[in-house]
Structure formats: structure tokens, C-alpha cells
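Working notes for the structure below.
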Amino acid sequence: MIKPLPVEKYRNVYDTERVGCPSTDKLKPTDEIIGQERAQKALHFGLDIQEKGFNIYVAGVPGTGRKTAVRKFLDELARTKPQASDWIYVNNFNNQYEPIAIELPSGKGTEFKHDMSAFIDEARRALPKAFESEDYVSKRQGALETIEKEKAKIIQQINESAEKQGFVIQMGPTGLVIIPVVNGQPLSEEAFTALSEQEREEIQDRRKKLDSDLRNAFRRLRELDGKEAESIKNLNRDVSLYAIGHLVAGLKEKYRGNEEVESYLDAVQEDIVNNLGIFLGLAQQQPQQEQIPPQLQQWFMRDVVFRKYDVNVVVDNGGPDGAPVIFEQTPTYQNLFGKVEKEVQFGVMTTDFTMIRSGSIHKANGGYLVVPVEDLLRYPFAYDGLKTALKTEEVAIEEPGERLGFISARGLKPKPIPLSTKVVIIGTPQLNQLLYMYDTDFSELFKVKADFDTTMDRDEKNAEKYSLFICTLCDRFKLKHLDNTAVAKVVEYGSRLAADQEKLSTRFAVISDLIKEANFYSIQEKSEYTTAKHINQAIEAKIYRSNLIQKKIQEFIERGIYIIDTTGAKPGQINGLSVMQLGDFAFGRPSRVTASIGVGREGVIDIEREANMGGPIHTKGVLILSGYLINKYAEDKPLTLTTKLVFEQSYGGVDGDSASSTELYAILSALSGLPIKQSFAITGSVDQKGEVQAIGGVNEKLEGFFEVCKAKGLTGEQGALIPASNVQNLMLKEEILEAAKNGKFTIYPVKSIDEGIEILTDVPAGERQKDGGFPEGTVNYLVNKRLQEIAAKVKEFQVPER
């Protein structure tokens with residue numbers, strides 16, 4: 001017979017003497033990432049390598065320190081890297097719809113913006129002053145006088161020629177009018193009509209000759225007008241260059257070596273020279289200005305017309321030393337890739353290069369960008385946009401609709417910015433697998449995987465790290481420090497979260513929440529330290545807040561609504577154990593499993609499957625039972641039986657194979673006629689050879705059955721059978737340990753079905769003998785005998801095969 005499990009195996013108790021300090025306030029806080037050596041090596045590699053495509057996917061369960069580790073690594077690494085460049089957008093004077101992007105050294109973007117603002121302010125002051133000077137007035141007057149003299153000479157020649165031809169030139173309402181003169185008197189239209197035809201023809205002939213002279217004269221006058229305008233233009237250009245040339249030269253000297261800046265300054269200077277009117281306050285109005293109400297034209301002249309000389313600093317890296325590290329928590333398309341804002345002016349939506357806004361990827365250029373992958377996939381176009389930027393190694397600011405071809409309206413198309421950034425996306429292992437399977441670009445763009453584990457070894461070194469983590473947490477959040485009894489309970493709680501006596505959980509977010517809640521109870525009691533009592537109180541309170549459904553089910557069992565027997569013995573009936581998961585709370589629920597045996601050839605029938613309530617894994621477990629029966633009892637005869645299995649009072653469906661050994665015990669009991677002790681509950685899967693295999697949720701299952709036994713009354717006979725391989729997973733609550741010490745609850749670890757059936761029936765299982773049979777009176781003998789009887793009955797009645 002299998003011996004009961006020793007009580008010390010029920011829970012791996014951590015002795016307070018092993019805690020290296022009386023309380024955590026005696027320790028020094030640490031910023032070490034605990035229990036993630038594999039992930040740390042992957043992060044080191046992924047962040048250091050510079051080749052294209054080696055971006056990082058950080059995979060892990062939330063609460064394992066993924067973000068904390070990434071932030072720590074990036075902050076340390078970024079400090080060793082050079083500062084990233086600034087990026088600015090400036091007006092393209094050749095095509096205002098395509099603003100120019102210019103790269104500047106870190107901190108120079110804002111400085112250049114201020115320099116340009118000061119330059120324009122000085123130009124607005126210096127240019128009017130220069131054009132109001134006596135020197136400019138005298139040069140302008142001198143240039144005009146020379147040309148005016150030439151104009152007067154030409155006009156005099158025209159008048160002399162007209163007089164010689166017998167005409168006088170007068171200015172009329174529609175321009176110059178040529179009037180014939182007779183006897184020194186201008187002829188009126190009536191007098192001209194009264195002349196003889198010969199006289200009129202003579203006047204017309206002379207008029208044609210004069211017209212030719214006039215055309216020549218007017219052509220010369222137009223040439224002089226053009227010469228006059230060109231002279232004034234050249235004078236104005238010389239004066240304006242004299243006024244602002246040294247300012248431009250100073251800026252070009254300051255930013256020497258940056259060809260884009262120098263080219264931009266030349267364009268600004270040329271535009272100022274060509275648009276002196278806006279600086280001199282002249283009435284040179286652009287078409288859009290002509291439509292502006294008079295009361296707003298002053299504002300327009302003061303602000304809007306000079307906006308084209310502004311500098312839009314979209315990325316400013318003039319802060320602390322090191323490369324930028326950007327954590328984008330809301331990775332919408334606009335937040336990642338920027339946008340072009342718009343404003344309403346006089347009822348019309350307008351925009352310009354000053355309304356270009358950068359996104360996180362611009363700010364991370366030359367550094368590191370961290371994005372949660374769940375949110376990245378949730379927002380439309382964000383993931384595709386990120387892939388495009390990484391593949392093309394440049395980032396463009398454009399509307400999502402424009403990218404997809406849905407928008408055809410003319411708008412700004414800023415010049416793309418070259419991209420050089422390391423992208424780290426944080427998500428779950430499941431999403432990593434899905435992306436790898438269904439996105440062909442993913443494996444090329446995110447070649448490094450940093451996998452965060454949920455557990456680490458429970459040894460003295462890691463237990464000490466737990467203490468250091470607790471010290472750090474208490475210092476950071478101003479919590480009461482823990483004494484050594486509380487630290488020991490936290491270590492044990494870490495093993496319970498890991499569901500392993502030899503492991504500790506690395507889900508430090510859950511550990512932190514427990515300590516914070518225990519701190520609350522410690523403050524209420526005005527205790528100096530948080531103690532084991534407060535830790536236990538926090539654990540119990542957390543369970544109490546979530547176990548309403550569990551308590552309702554237990555109440556139904558106590559009241560006989562759900563039928564569960566914890567005393568006596570019955571054939572073909574047994575207590576199975578399952579786990580119900582409700583959010584972050586899981587609990588064990590006992591279920592009555594029954595088996596019925598009859599003559600037939602149907603084999604093992606799973607009623608859950610027939611009712612479409614059984615999952616595929618449960619169905620597989622049931623089918624394995626047929627394999628076990630064939631392997632065990634059908635060497636000398638065909639396996640002919642009909643047996644039906646069911647989870648009684650199960651209304652929500654069943655899945656998993658952890659009850660397959662339970663169902664097999666029920667079948668063996670029904671076949672042998674031996675009653676099974678109802679004081680036991682069983683869990684464990686089984687293979688075709690009859691070996692009992694490990695299952696999950698062993699702690700929750702045992703605690704769930706213990707609660708039922710406690711409610712119905714502990715007799716000292718109750719207990720459970722679990723796979724021997726699950727003993728290492730036991731971290732049962734202390735109440736069960738006390739009951740076990742007092743002989744009120746017993747756990748048996750079994751390795752095979754034969755071991756388990758002996759405990760449940762108090763009858764030896766029986767090993768196969770050389771003749772192929774089993775010892776008389778054993779469980780297997782009775783089962784085999786019953787199967788032989790069923791086979792004979794089948795043959796006798798010739799039950800047809802289905």
C-alpha cells in the first residue's frame with residue numbers, strides 16, 4: 001500500500017531563520033532586475049547590435065517586470081550614446097506645399113528658431129530705416145531725374161514733330177488725342193468734316209507719318225519706364241542687401257557647414273528682397289489679403305505674412321545628455337507619426353508648415369522607441385505605419401487617408417525624415433507567436449526576442465533578492481518595512497504563485513500588491529513593521545473579495561443541492577476535482593463522477609461528448625481509457641462492453657484530462673463491483689499504460705475539496721489522491737497542514753492506477769501472472785472476470801456491432 005504523504009511535503013515552509021535580516025529596513029534598496037537572466041542577455045544583444053531589422057519583441061506575462069527592465073536598460077544605455085539631432089521644418093519658397101526638413105545638432109533647432117526670429121525682427125526695423133534715409137532718397141531722385149530728362153526730351157521731340165506736321169497733341173479722357181491745326185487753330189470734328197475731301201486726305205497722309213513717329217517715341221518711353229523700374233529695383237536690392245546682408249552673412253557664418261541651412265538663408269534673403277513691400281508697409285496686397293476685412297488687415301500684416309519665415313522645431317534634443325528614450329503608451333497613428341494641424345481663418349480651413357507636429361517616432365529618432373504591442377495593434381494603421389517606417393528607414397508625416405489613397409485634396413506633403421531608431425515592442429508570448437505566424441514582415445523587422453520568465457529557482461540567492469525587492473518597494477512607496485516573519489510568508493506566497501515548491505514567481509506586480517495591502521492592515525494596527533499576520537490577512541482578504549461563487553457552490557453542496565458524498569463507499573461513483581477560473585481567482589470544485597456498465601460493444605461512451613459539452617482534451621482523455629482497458633484486459637479476448645461516464649450535475653461544459661484517472665477508477669469499481677471510498681477525491685491524468693500523470697491547479701483542487709469536507713465535518717477519513725509528480729507543486733494553505741497534522745486530512749501520491757485503486761477499495765490491485773491471469777480476489781481479477789462474463793453474454797445474445 002502507498003504511504004500517506006508526509007505533512008512537511010504539503011507546503012515548502014520558509015524558515016524565518018533563513019531570512020538574512022530581522023527586517024527589510026536593514027537592507028539596501030536595489031535596482032537589479034530579478035530572475036530574468038535570459039531576457040537580460042537578449043536585451044543586451046538587441047540594444048547593442050546596430051544592423052537593420054534587429055528590433056526587439058519583449059515577451060512576457062504582465063507583472064513580470066518587462067517595462068521596468070526595458071526602462072532600466074534603455075536609461076543606462078542611452079546615457080552612453082551621443083545626443084540625437086534636432087529636426088526643423090522650414091518654408092519651401094519654391095513650393096509651399098512641400099516644406100523642407102533640416103537636420104541640426106542637438107539643441108541647435110531652438111537656437112536657430114530664435115536666431116531667425118531675431119533676424120526677421122531686425123530686418124523689419126532695418127529695412128524701413130534704410131529706405132527712409134537721405135542717401136536712398138537722393139540716389140533714387142538722381143536715378144529718376146536722369147530718366148525723366150530723357151522722357152522730357154522725347155516728348156519735346158514728339159511735340160515738335162507734331163507741330164511740323166500740322167498737329168497738336170492733347171491729353172483726352174481716353175489718352176493722347178492728335179488734333180489737326182489749320183491757320184494756328186485746332187480743328188473741331190465738325191470743322192474737319194466740313195473740309196474738302198482733298199484737304200481731309202492730305203491731313204490723313206500727314207497723320208500717318210506722325211503715327212509712325214509717335215510709335216517710335218512711345219516705344220522709347222516704355223523702354224525708359226522699364227529702365228526706370230529696373231534702376232529702382234536694383235537700387236532697392238542694393239539698399240536692402242546693404243541693410244540685411246550682414247545679418248544673413250552672420251547667420252551663414254554661425255551655421256557654416258550645414259548646406260541646407262545656408263541654402264535656406266539664401267532663399268529667405270531672396271524672398272525678402274522680392275517682397276520688400278511687406279517690410280516697408282506698402283500697399284502691395286496679395287490676393288488673399290485683398291479679401292480680408294479692413295479691421296483685420298493690420299493683424300494679417302503683423303503676423304500672418306511673416307509666418308513664412310518662422311522655424312518649426314519638430315524635434316528638440318537639447319535636453320540632458322544621451323540618446324532619447326520614448327515610451328509611447330497610446331500609439332495611435334498620429335501619436336506615432338505626427339500630424340499636420342489645421343486652423344479656421346475667415347471660415348476656411350488652412351494650414352502651413354508651422355502646424356506640422358512630430359510623433360513619437362520622430363522624437364525617438366537616433367534613440368529608442370518603446371511601444372506596447374497590444375495597443376499598437378488596436379489602433380488603425382499604427383502597426384502598418386511602423387513597419388513601413390522601419391522598412392524604408394524614413395518617416396513621413398501624412399494623413400492615414402492620404403496613405404490609403406482616400407484623400408485627394410491638395411495639402412502639405414512635408415519632406416520625409418531619415419529614420420535611425422531601435423524599436424522595442426512589449427507584449428505577450430501569444431501575440432509574438434501569432435505575429436510570427438501570420439505577418440511575414442515581423443520576423444524580418446523584429447529579429448530579437450527577449451522572453452521574460454514567470455518563475456525562478458527558489459534558492460537562498462533568489463530568496464535574498466526577494467528581500468531586496470521588498471526593501472526597494474517599501475522605500476519607493478513609503479511603506480512599512482517587513483519583519484523576517486513577513487518576508488518568509490512573502491517567499492512562500494511566491495512559491496504558491498509559481499505553484500512549485502522549488503520555484504519563486506517573478507510576477508512582482510502581484511507581490512507588490514500583496515505587500516501594499518498588508519501595509520494597509522499594518523497601519524491600521526499601528527504596528528512598527530508589517531508582519532506575517534498582516535501578510536496572511538492580506539491573502540485571506542484578497543480571496544474573500546473574489547470567492548463569492550465558490551462559497552455559493554459550497555453552500556449548495558452543504559444543503560444537498562449539489563450531491564457530494566464525503567463518507568461511505570459506493571461502486572461506480574467517485575469524487576473528481578476540477579478548477580474554475582474567475583478572472584484572477586481560481587478555486588477547486590468537487591464533482592461526482594459516475595460510471596455505468598452494460599453488455600454491448602459501444603466501448604467507453606462519454607456523455608459529456610455526446611451532449612456536446614466536452615472539450616477536445618477531455619474527449620482525448622476518455623479515449624485513452626479504452627486504450628488502457630485494451631492494454632490491460634484484452635490480451636486473450638475482445639474488449640466487449642458498454643460503459644457510460646458522466647460528470648453529474650455539470651451544466652457548464654468540461655474540458656481537460658485531469659479527471660481521466662478519476663473516470664478510470666469509476667469504471668474499474670463498476671466492473672469489479674468493489675465500492676470506492678467517498679471520503680476521497682481524485683485528480684490526475686492517465687496514459688494507456690496506467691501511469692498517473694501530472695495535472696495543473698493541484699493546490700486549488702485540494703483546497704476546494706478540503707473546504708467541502710470541513711463544511712460536512714472532518715472525520716479523519718477524508719483525503720485525496722494526486723499524481724506523485726505533483727507533490728513538488730504543493731503549496732497548500734496552512735489550515736490544511738494543521739488538519740493533516742491532527743490526522744483529519746490525508747494526501748496520497750500515486751504513480752499508477754493500480755496504486756490508486758488499492759487505496760480507494762482497500763483491495764490489492766493484483767499483478768498479471770505468467771498464465772495471463774490475475775490473483776483471485778484482486779481488483780484486476782474481478783474486473784477481468786466481469787469482462788469475460790460480458791464477452792460471453794455478447795456472444796450468447798449476439799449483440800450486433802454498430
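The values are calculated or read from the model by the stated rules, or taken from the named source; none is laboratory data. Every value quoted in this text rests on a predicted model; they were computed, and no experiment measured them. Heads up, the Cβs are rebuilt from the backbone with ideal geometry, glycines too, and the neighbour counts pull from every protein chain shown. For accessibility, only protein heavy atoms count, side chains too; no ligands or nucleic acids. Shrake-Rupley method; radii C 1.70, N 1.55, O 1.52, S 1.80 Å.
Loop-located trypsin sites (Lys or Arg not before Pro) in the range 638-716 (DSSP state other than H, G, I, E, B) with a sparse environment of at most 14 neighbouring Cβ atoms within 10 Å: Lys689. Potential lengthening of the chain between Glu98 and Glu734 amounts to 221.8 nm, from the contour at 0.36 nm per residue minus the alpha-carbon distance.
The range 199-282 gives an Rg/Rh value of 1.42, both radii derived from C-alpha positions and Rh following Kirkwood. Between 0 and 90 degrees, the angle of helix 484-498 with respect to the longest Cα principal axis of the chain falls at about 90 degrees. Extending 7 Å from the Cα toward the beta-carbon at both Glu525 and Ile178 defines two label points whose distance is 12.1 nm. For the range 1-99, taking Cα atoms only, Rg and Dmax work out to 25.5, 95 Å respectively. Rounded to whole numbers, the Karplus 3J(HN,Hα) couplings from phi for the range 462-467 are 6, 5, 5, 5, 4, 4 Hz, using 6.51 cos²θ - 1.76 cosθ + 1.60 with θ = phi - 60°, and x at Gly and Pro. Ranking Val599, Val373, Val315 by Cα position along the charge dipole of the chain, where only Lys, Arg, Asp and Glu carry charges on their C-beta atoms, puts Val599 farthest toward the positive end. Across all C-alpha atoms in the range 77-227, the radius of gyration and Dmax reach 31.8, 107 Å. For the range 596-707, the carbon plus sulfur part of the accessible surface works out to 49%, probe radius 1.4 Å. Helix 779-797 versus the longest principal axis of the chain: what angle, 0 to 90°, nearest 10, using Cα atoms? The angle comes out at about 90 degrees.
Extension gain, Phe306 to Glu253: 0.36 nm times the residue separation minus the Cα-Cα distance gives 16.7 nm.
In 5 Å bins starting at 0, how do the alpha-carbon pair distances of the range 574-707 split up by percent? Per 5 Å bin, starting at zero, the Cα-Cα P(r) for the range 574-707 comes out as 2, 10, 20, 25, 21, 13, 5, 3, 1, 0, 0 percent. With the alpha-carbon atoms of the range 591-651 aligned to their principal axes, the span from lowest to highest coordinate is 40, 23, 18 Å, starting with the largest. Relative to the Cα centre, the charge distribution of the range 566-706, modelled as +1 at Lys and Arg Cβ and -1 at Asp and Glu Cβ, gives a dipole magnitude of about 380 debye.
Expressed as a fraction of 2.2 N^0.38 Å, the value expected for a compact globular protein of N residues, the C-alpha radius of gyration of the range 487-527 is 1.28. On the basis of the beta-carbon distance and an R0 of 56 Å, Lys41 and Ile630 show a calculated FRET efficiency of 0.70.
Centre-to-centre, using Cα atoms only, the range 544-615 and the range 109-160 are separated by 100 Å.
Just how many % of Cα pairs in the chain lie over 37 Å apart, if you round to the nearest whole percent? Tail of P(r) above 37 Å: 67 percent of Cα pairs.
Here the chain is assigned +1 on the Cβ of each Lys and Arg and -1 on the Cβ of each Asp and Glu. Its dipole about the Cα centre then comes out at about 1840 debye.
Sequence-ordered 3J(HN,Hα) estimates for the range 517-534 from the Karplus curve with 6.51, -1.76 and 1.60 and θ = phi - 60° stand at 5, 5, 4, 4, 5, 5, 5, 4, 8, 6, 7, 5, 10, 7, 10, 4, 4, 5 Hz, glycine and proline given as x.
Panel note: the C-alpha atoms of the range 5-44, placed on their principal axes, show extents of 45, 31, 9 Å (largest first). At an R0 of 56 angstrom, the distance between the Cβ atoms of Asp771 and Ile563 translates into a FRET efficiency of 0.85. If R0 is 35 Å, the Cβ-Cβ spacing of Asp266 and Thr146 corresponds to a FRET efficiency of close to 0.60. Calculate the spin-label point distance for Arg207 paired with Leu434, positioning each point 7 Å from the Cα along the beta-carbon direction, and give it in nanometres. Distance between the two pseudo-spin positions: 9.3 nm.
Hey, what's the per residue convex hull volume over the C-alpha atoms of the range 698-773, in cubic angstrom?
104
Each peptide in 498-508, 342-352 was scored by the mean count of other Cβ atoms within 10 Å over its residues; highest first, the order is 498-508, 342-352.
Taking only the C-alpha atoms, wrap a convex hull around the range 299-363 and report its volume per residue in Å³ as a whole number.
Value for the range 299-363: 114 Å³ per residue.
Mind ranking 200-207, 110-117 by how tightly packed they are, going by the mean number of other C-beta atoms within 10 angstrom, highest first?
Most protected by this proxy first, the peptides run 110-117, 200-207.
Using θ = phi - 60° in the Karplus curve 6.51 cos²θ - 1.76 cosθ + 1.60, the 3J(HN,Hα) couplings for the range 716-728 round to x, 9, 6, x, 8, 10, 10, x, 4, 6, 8, 4, 5 Hz; x is entered for Gly and Pro. Volume of the convex hull of the range 382-517 (Cα atoms only), normalised per residue: 196 Å³.
Note on the range 412-472: Kirkwood hydrodynamic radius from all Cα pairs is 15.9 Å, rounded to one decimal.
With both labels modelled 7 Å from their Cα along Cα-to-Cβ, the Glu190 to Phe477 distance reads 11.3 nm.
Once the Cα atoms are used to define both axes, helix 259-274 deviates from the longest principal axis of the chain by about 40 degrees. Only helices enter the 222 nm calculation for the chain: every DSSP H run of n ≥ 4 contributes -39,500 (n - 2.57), and dividing by all residues gives -15000 deg cm²/dmol, rounded to 500. For the range 40-96, the equivalent ellipsoid built from the Cα gyration tensor has semi-axes of 34, 14, 13 Å, listed from largest to smallest. Comparing the range 490-583 with the 2.2 N^0.38 Å rule of thumb, its C-alpha radius of gyration ratio is 1.47 (two decimals). Between the range 672-749 and the range 1-20, the C-alpha centres lie 16 angstrom from each other. The lysines within cross-link reach of Lys478, meaning a Cα-to-Cα straight distance under 25 Å and a gap of 8 or more places when in the same chain, are Lys26, Lys28, Lys67, Lys72, Lys465, Lys489, Lys516, Lys526, Lys533, Lys542. For the modelled label position 7 Å from the Cα of Arg215 along Cα-to-Cβ, which residues of the range 138-162 have backbone nitrogen atoms closer than 20 Å? Label zone hits: 154-155, 157-162.
Extension gain, Val168-Thr30: 0.36 nm per intervening residue step, less the Cα-Cα distance, totals 39.0 nm.
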